[in-house]
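Engineer: The structure under discussion is supplied below as structure tokens; questions concerning it will follow.
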Amino acid sequence: MKILISNDDGINAQGIKALAMAMQELGEVYVVAPERNQSATGHAVTMHTPLRSRKLDVFGDNIKAWWVNGTPADCVKLGVENLMDERPDLLVSGINMGENLGTDVIYSGTVSAAVEGAIFGIPAIAFSYEDYTTTDMTAAATVAKEICKQILEHGIPQNHIFNVNIPAINSLQEIKGIKICKLGIKIYKNNFEERKDPKGNTYYWLAGELVDLPDDIDTDIYAIKNKYISITPINIDLTDYELKNKMHSWKMNW
């Protein structure tokens with residue numbers, strides 16, 4: 001099995017290195033990742049500047065790797081269409097430093113890399129880790145590998161990805177289990193901090209405080225707070241078919 005790995009934290013991030021090493025147990029690993037951090041770029045693609053890539057020897061002799069001076073979606077596109085000799089059988093994105101929960105998946109480059117894989121018809125899984133500060137991603141990578149094994153036994157439906165979040169842990173024994181979840185709701189207030197530059201001009205810095213909402217036990221947010229691995233199936237077909245069918249009765253005319 002050929003496995004393509006990407007991320008949004010960049011080619012030198014701890015999470016992608018640990019993930020690439022762990023996934024070698026499941027197949028032949030290729031890495032195509034951004035040259036630098038591309039967090040919160042969502043599903044942006046590069047259209048007005050040239051894309052460049054460079055092959056690197058940073059993961060050892062058994063893993064072919066490239067950086068791309070673009071977004072996570074760029075990396076997947078270029079990896080599948082130009083850099084790999086054959087189409088991958090699985091795309092894995094991550095492991096992101098910091099969780100990607102609830103409505104934040106819309107902004108996530110990690111999740112968008114997986115979505116790009118699904119657009120190509122490639123089974124895809126996105127992994128994120130709750131802790132932003134850890135210096136050892138080995139345990140999280142072990143979890144990711146085992147989750148991949150179990151998901152692959154059942155398969156990933158067409159037009160779907162799995163968004164997986166792993167709670168911050170010191171040992172695997174701290175994980176209480178796995179919860180299959182829906183996306184929660186994350187709302188921020190005071191999104192922009194107003195500042196002044198040395199010339200007295202106003203500028204704004206994205207900040208934001210998370211609004212503390214009541215926990216719904218069926219959400220990914222609840223799962224992570226309570227030391228469960230959350231797995232959320234996401235359909236990349238955004239059509240609301242129920243509403244579409246209802247709209248036929250509206251008898252709209254032009």
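Engineer: Please give the number of the condition Asp85 fails out of (1) modelled with pLDDT of 95 or more; (2) charged (D, E, K, R); (3) assigned to a loop (DSSP other than H, G, I, E, B).
Structural biologist: (1)
Engineer: Within the stretch 179-191, can you find the residues that are within 14 Å of Tyr228 (Cα to Cα) and touching a helix residue (DSSP H, G or I) at 6+ places or on another chain (Cβ under 8 Å)? Quick ask: steps written out before the conclusion?
Structural biologist: Our first condition is that a residue be within 14 Å of Tyr228 (Cα to Cα); within the stretch 179-191, this holds for 179-182.
Selection gives Lys179, Cys181, Lys182.
Engineer: Write out, first by first residue and then by second, each pair whose Cβ atoms fall under 6 Å of each other, whose residues are 6+ apart or on separate chains, and whose first residue, in the stretch 122-147, is at pLDDT below 95 while the second is of a type in the set (S, T, N, Q) and surrounded by fewer than 24 Cβ atoms within 10 Å (Cβ to Cβ).
Structural biologist: Partner pairs satisfying both residue conditions: Met137/Gln14.
Engineer: Which of the residues that make up the stretch 160-173 are of a type outside the set (Phe, Trp, Tyr) and at pLDDT 95 or above?
Structural biologist: Here is the first cut: in the stretch 160-173, the residues of a type outside the set (Phe, Trp, Tyr) are 160-161, 163-173.
Passing the criteria: His160, Ile161, Asn163, Val164, Asn165, Ile166, Pro167.
Engineer: So, restricting to strands (runs of 3 or more DSSP E) that lie completely within the stretch 135-254, which ones have at least 1 residues that are charged (D, E, K, R)?
Structural biologist: Working: elements: 160-166, 177-180, 192-196, 202-206, 228-235.
Here the list reads 177-180, 192-196.
Engineer: Next question. Name the residues in the stretch 202-233 that are more than 20 Å from Glu146 (Cα to Cα) and among the basic types (Lys, Arg), would you?
Structural biologist: If the condition is that a residue be more than 20 Å from Glu146 (Cα to Cα) and among the basic types (Lys, Arg), then Lys225 is the only one that fits.
Engineer: Taking the options Thr202, Thr239, name whichever one is exposed (fewer than 10 other Cβ atoms within 10 Å of the Cβ), free of Cβ contacts under 8 Å to residues at least 40 places away in the same chain and touching an Asp or Glu at 6+ places or on another chain (Cβ under 7 Å).
Structural biologist: Working: Thr239 fails: touching an Asp or Glu at 6+ places or on another chain (Cβ under 7 Å).
The match here is Thr202.
Engineer: Name the residues in the stretch 59-75 that are of a type outside the set (Gly, Ala, Ser), under 19 Å from Ala22 (Cβ atoms) and surrounded by 13 or more Cβ atoms within 10 Å (Cβ to Cβ), would you?
Structural biologist: Of the stretch 59-75, the ones of a type outside the set (Gly, Ala, Ser) are 59, 61-64, 66-69, 71-72, 74-75.
From what is left, the residues that are under 19 Å from Ala22 (Cβ atoms) are 59, 61-64.
Result: Phe59, Ile63, Lys64.
Residue-wise test of (1) surrounded by 10 or more Cβ atoms within 10 Å (Cβ to Cβ); (2) more than 18 Å from the chain's Cα centre (by Cα).
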| position | (1), (2) |
| --- | --- |
| Ser171 | no, yes |
| Gly177 | no, yes |
| Cys181 | yes, no |
| Asp197 | no, yes |
| Leu213 | yes, yes |
| Ile224 | yes, no |
| Ile229 | yes, no |
| Pro233 | yes, no |
| Lys251 | no, yes |
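The values are calculated or read from the model by the stated rules, or taken from the named source; none is laboratory data. Remember, it's a predicted structure, so these values are computed and weren't measured experimentally. For neighbour counting, all protein chains shown are included, and Cβ atoms are generated from backbone atoms with ideal geometry for every residue, glycine included.
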